[in-house]
């Protein structure tokens with residue numbers, strides 16, 4: 001019975017993936033996983049009379065854990081994988097948005113002089129470690145979110161599931177930087193000075 005259920009789940013996943021890639025349907029990962037979990041539950045009810053529920057219980061537990069993670073991780077896993085480092089040397093080189101799928105990411109803004117009227121930068125990472133190095137001087141306001149993981153923001157630490165934190169430090173007379181950082185699962189770190 002477990003082999004049949006796994007086969008149906010894999011075939012269903014493949015069909016939904018093809019339809020999604022062809023822009024015929026749009027199904028989010030949590031909705032697909034919830035449907036798969038309902039299917040495994042129905043198969044467990046049927047197998048209660050026919051026997052062989054051990055493997056289905058394991059499949060159900062794995063789907064439950066993956067569904068729980070997919071529910072809190074709302075950052076898309078797009079934009080590449082692996083190590084990535086951005087080191088702009090002037091305000092003109094600073095992007096408004098940085099995005100990466102997964103890995104270790106460093107955005108080193110320590111060499112940039114930010115204007116007193118301010119500049120906003122947004123960075124998103126699906127899975128991994130996002131480190132932002134900000135200038136030694138000036139005001140830095142950080143608004144950060146982690147679906148699952150740690151937030152280490154200029155000496156302030158929070159961790160857990162679906163964590164939000166806001167930190168501000170420094171004087172706007174020497175520049176003003178506003179950061180909006182989001183990681184699906186992993187760590188966000190903001191430090192002053194050299195990387």
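Worth a mention:
- Members of segment 26-39 found to be at pLDDT below 70 and either surrounded by 11 or more Cβ atoms within 10 Å (Cβ to Cβ) or not assigned by TED's automatic domain parsing to the domain that holds residue 65 (or both), listed by number: 27, 28, 29, 30
Conditions (1) modelled with pLDDT of 90 or more; (2) in a strand (DSSP E or B); (3) more than 19 Å from residue 193 (Cα to Cα), marked per residue:
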{"position": "77", "(1), (2), (3)": "no, no, yes"}
{"position": "101", "(1), (2), (3)": "no, yes, yes"}
{"position": "107", "(1), (2), (3)": "yes, yes, no"}
{"position": "111", "(1), (2), (3)": "yes, no, no"}
{"position": "132", "(1), (2), (3)": "yes, yes, no"}
{"position": "141", "(1), (2), (3)": "yes, yes, no"}
{"position": "161", "(1), (2), (3)": "no, yes, yes"}
{"position": "168", "(1), (2), (3)": "yes, yes, no"}
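- Per-region count, segment 122-141, residues surrounded by 16 or more Cβ atoms within 10 Å (Cβ to Cβ) and more than 17 Å from the chain's Cα centre (by Cα): 7
- Pairs where the first residue, in segment 1-25, is in a loop (DSSP other than H, G, I, E, B) and the second is modelled with pLDDT of 70 or more and exposed (fewer than 11 other Cβ atoms within 10 Å of the Cβ), C-beta under 8 Å, 6+ apart: 1/50
- Qualifying residue in segment 40-53 (condition: surrounded by 13 or more Cβ atoms within 10 Å (Cβ to Cβ), outside the structural domain of residue 176 (by TED's automatic domain parsing), over 22 Å from the mean Cα position of the chain (by Cα) and modelled with pLDDT under 70): yes
- Beta carbons closer than 8 Å, at least 6 apart along the sequence or on distinct chains, never pair a first residue in segment 138-158 that is not assigned by TED's automatic domain parsing to the domain that holds residue 179 with a second that is at pLDDT below 90.
The values are calculated or read from the model by the stated rules, or taken from the named source; none is laboratory data. Worth saying up front: this structure is predicted, and the values here are computed from it rather than measured. Cβ coordinates were reconstructed from backbone atoms using ideal geometry, including for glycine residues, and neighbour counts include every protein chain displayed.
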